[in-house]
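Have a look at the structure below, then the notes.
The values are calculated or read from the model by the stated rules, or taken from the named source; none is laboratory data. Computed from a prediction, not measured in an experiment: that's the story for all the values here. Heads up, the Cβs are rebuilt from the backbone with ideal geometry, glycines too, and the neighbour counts pull from every protein chain shown.
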Amino acid sequence: MQVIGLFLLLSVSNIADSSKLSIPGNDTLVFSGYTWIIKTSDSLVSPGPNYFSKSKKNIWVDKDGYLHLKITRREDKWDCVEINSEKSFGYGRYILYLGSRVDSLDKNVFLGMSTYSDSAEYNHREIDIELSRWGGSGGYNGQFVVQPWNVLGNVYRFNVKLQDNYSVHSFNWQKGIVYFQSICGEKYVIPDSTNVIKVWNYTKDGIPESGDVKVKINLWLVNGRAPSDSLDAEVVVRKFEFVK
């Protein structure tokens, strides 16, 4: 019950933060063929609250085109990372290809991908894939969310267990349905018994109608708490893909 309560607090912080980002327009990078705005903050802001950095110690694209997101210590502070797409999207498949053991993240580290609209309509059209233990030592370390989070049945929690660095996490947002899936392996495929982590078919009332949404990918610290192992945390994102 304690971990679930913590999740509810984080969701509120994430929604509030997304509607008031102030990001210099020249702090950008190109990844997977899209331009992304890098969130920066010299003061504590949500989600978290945390500090967010554009430093190449925290975020870079390597020679293979992989995106590296890293939480690092800077004196007595911890710098986190977040990027937001310049391009707007709508109905379609949102796919995140990972190249790290995200099932082994420190309990205070959070990795997320979500859609988000500046318009408050349909709860900002926010749909989330979230990988974290939310500060807990055990239990679930992943969840799918269709906002608003506080409506019964809008959150589906599950456990991620990998055999290697590779996993693919996605949702297919169409009229009246959002189909989530997390699978092991390097490729986006229809899951079967050999590679499925979890799938969820969300068909409740209240699924947002298509509209302009940006994509956000972030790596941050739960409640702004330092990693429990006091070590930097890094996640490699091999690719982001959108398919209509």
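Residue pairs whose Cβ atoms lie under 6 Å apart, separated by 6 or more positions or on different chains, with the first residue in the stretch 217-229 and in a helix (DSSP H, G or I) and the second crowded, with 18+ Cβ neighbours inside 10 Å, are Val222/Asn108; Val222/Phe110; Val222/Trp134; Val222/Gly135; Gly224/Gly48; Gly224/Asn50.
Rundown of residues vs (1) within 19 Å of Gly90 (Cβ to Cβ); (2) loosely packed, with under 15 Cβ neighbours inside 10 Å; (3) at pLDDT below 95; (4) touching a strand residue (DSSP E or B) at 6+ places or on another chain (Cβ under 7 Å), yes/no style:
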site	(1), (2), (3), (4)
Asn141	no, no, no, yes
Asn150	no, yes, yes, no
Asn154	no, no, no, yes
Asp192	no, yes, yes, no
Val215	yes, no, no, yes
Gly224	no, no, no, yes
Ser228	no, yes, no, no
Arg238	no, no, no, yes
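The residue of the stretch 114-131 that is surrounded by the most Cβ atoms within 10 Å (Cβ to Cβ), among those that are more than 16 Å from Phe171 (Cβ to Cβ) and not acidic (Asp, Glu), is Ser119. Pro208 fulfils the conditions (1) in contact with a His (Cβ under 9 Å, 6 or more places away or on another chain); (2) in a strand (DSSP E or B); (3) not charged (D, E, K, R) except for a single criterion, (2). Scanning the stretch 164-201 for residues that are assigned to a loop (DSSP other than H, G, I, E, B), within 17 Å of Ser104 (Cα to Cα) and either within 18 Å of the chain's Cα centre (by Cα) or not acidic (Asp, Glu) (or both) yields Asn165, Gly185. If you go through the stretch 167-180 one residue at a time, do you hit one that is surrounded by fewer than 18 Cβ atoms within 10 Å (Cβ to Cβ), modelled with pLDDT under 95 and small (Gly, Ala, Ser)? No: the stretch 167-180 contains no residue that is surrounded by fewer than 18 Cβ atoms within 10 Å (Cβ to Cβ), modelled with pLDDT under 95 and small (Gly, Ala, Ser).
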